[in-house]
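Worksheet: one structure, shown below.
The values are calculated or read from the model by the stated rules, or taken from the named source; none is laboratory data. Quantities reported herein were computed from a predicted structural model and do not represent experimental measurements. No Cβ is skipped: glycine too gets one built from the backbone with ideal geometry, and neighbour counts run over all protein chains shown. What goes into the accessible areas is simple: the full protein's heavy atoms, side chains included, and nothing from ligands, DNA or RNA. Shrake-Rupley method; radii C 1.70, N 1.55, O 1.52, S 1.80 Å.
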Amino acid sequence: MVALHDRCVPGTRGNIDHLVIAPAGLFVVDAKHYEGRLRIRTRAVSRTDNRLYVGGRDCSHLAENMGWQVKAVETLLASVEVAMPVTPVLCFIDVDWPLLFAPSSFRGVRLEDPKTLRKLITATPALDASAIDKLAASWPRGFRAVGIRRMR
């Protein structure tokens with residue numbers, strides 16, 4: 001497994017917190033340090049408008065912001081002629097998760113904590129070690145590397 005941290009996205013002011021190339025695939029991870037109970041609620045005005053809350057804070061925009069990050073990674077993968085799914089993940093640190101019926105995703109974005117993220121990225125191997133190393137070594141120079149760390 002290879003983790004690429006704090007990657008600048010060419011042509012934007014934005015960054016990607018973590019790119020993880022793991023046995024289960026490629027993950028774009030946005031880490032958030034929030035406190036409070038995580039839940040998905042329906043707005044009273046519209047029963048079809050679900051919102052992601054941490055404590056009293058509406059965090060729905062976090063899932064929406066994952067779209068441009070995934071698109072940037074997919075574009076980069078296409079430039080090196082690699083086709084593979086990219087899984088967006090919001091990793092919440094210090095959030096209170098419901099004991100029953102904890103949400104696993106919101107608007108196509110996985111919702112994880114550090115422990116469940118580790119399980120997710122190591123589950124159901126889709127890539128072997130040589131494929132992981134090859135993808136990490138050929139990672140396009142467009143995403144400026146701040147650090148590369150091999151995880152065990």
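Put Asp94, Asp113, Asp6, Asp30 in order of accessible area, highest first, and with a 1.4 Å probe you get Asp94, Asp6, Asp113, Asp30.
Here the label points at Glu81 and Ser138, each 7 Å from Cα along the C-beta direction, are separated by 0.8 nm in the simple model. A DSSP coil position with no more than 10 other Cβ atoms inside 10 Å describes the following chymotrypsin sites (Phe, Trp or Tyr not before Pro) in the range 31-124: Phe101. Straight-line reach from Lys115: taking Cα to Cα under 18 Å and skipping same-chain neighbours fewer than 8 places apart, the lysines in range are Lys32.
About its Cα centre, the dipole of the chain is roughly 160 debye, where the only charges are +1 on Lys and Arg Cβ and -1 on Asp and Glu Cβ. Here the convex hull built on the C-alpha positions of the chain has a volume of 130 cubic angstrom per residue. Counting only aspartates and glutamates at least 8 places from Lys134 when in the same chain, those with an alpha carbon closer than 19 Å to its own are Glu74, Glu81. Within the shell of other residues whose beta carbon sits under 13 angstrom from the beta carbon of Leu120, the net charge comes to +2, with Lys and Arg scored +1 and Asp and Glu -1. Taking the 1.4 Å solvent-accessible surface of the range 53-137 as the whole, the part contributed by carbon and sulfur is 59%. Rounded to the nearest 500, the 222 nm mean residue ellipticity of the chain from helices alone is -8000 deg cm²/dmol, with -39,500 (n - 2.57) taken per DSSP H run of at least 4 residues.
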